[in-house]
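Okay, structure first, notes after.
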Amino acid sequence: MKIIPVRVNAYEFRDFIQEECRFAATRNNDEEIYKRIFDKAQDLRLPLDKKNIHMERTTHEMIISAKYEQTIDLKFTKYVYKFDHEERAPLF
């Protein structure tokens, strides 16, 4: 039961990254996108450091990646959930 909320938050965060990446062509300010992603991670209480968010805007695409690990105490053992996601979207 302790793993489910962690996975739900991870899926919601992944969806948010996908959305930000898809709409990056309409936003010219990469710092704003970076801040929105970090704020969403904070809202979901994810253990994401700013240094683990990477963004790259090329002439043809936007690439956003995020990486974190979250330890879940299951009384008898500890499970480390690893989140490592990269999203790419074309720029028009």
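The values are calculated or read from the model by the stated rules, or taken from the named source; none is laboratory data. As the structure is a computational prediction, the values presented were derived from the model and not from experiment. Cβ atoms come from the backbone with ideal geometry, glycine included; neighbour counts cover every protein chain shown.
Tabulated values for the structure
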item	result
Residue in the stretch 11-28 that is outside any helix (DSSP H, G or I), loosely packed, with under 12 Cβ neighbours inside 10 Å and either among the acidic types (Asp, Glu) or at pLDDT below 95 (or both) present	yes
The stretch 47-92, residues that are in a loop (DSSP other than H, G, I, E, B), among the aliphatic types (A, V, I, L, M) and touching a Phe, Trp or Tyr at 6+ places or on another chain (Cβ under 6 Å)	Leu48
Residue in the stretch 67-92 that is surrounded by the most Cβ atoms within 10 Å (Cβ to Cβ), counting only those that are in contact with a helix residue (DSSP H, G or I) (Cβ under 6 Å, 6 or more places away or on another chain) and within 22 Å of Arg27 (Cβ to Cβ)	Glu87
Residue list for the stretch 15-70, restricted to those being touching a residue at least 40 places away in the same chain (Cβ under 8 Å) and within 22 Å of Pro5 (Cβ to Cβ)	Ile17, Gln18, Ala66, Gln70
Of all residues making up the stretch 71-92, the number that are charged (D, E, K, R) and farther than 16 Å from Val6 by Cβ	3
Total residues in the stretch 33-86, condition among the acidic types (Asp, Glu), closer than 18 Å to Glu12 by Cα and touching a Lys or Arg at 6+ places or on another chain (Cβ under 8 Å)	2
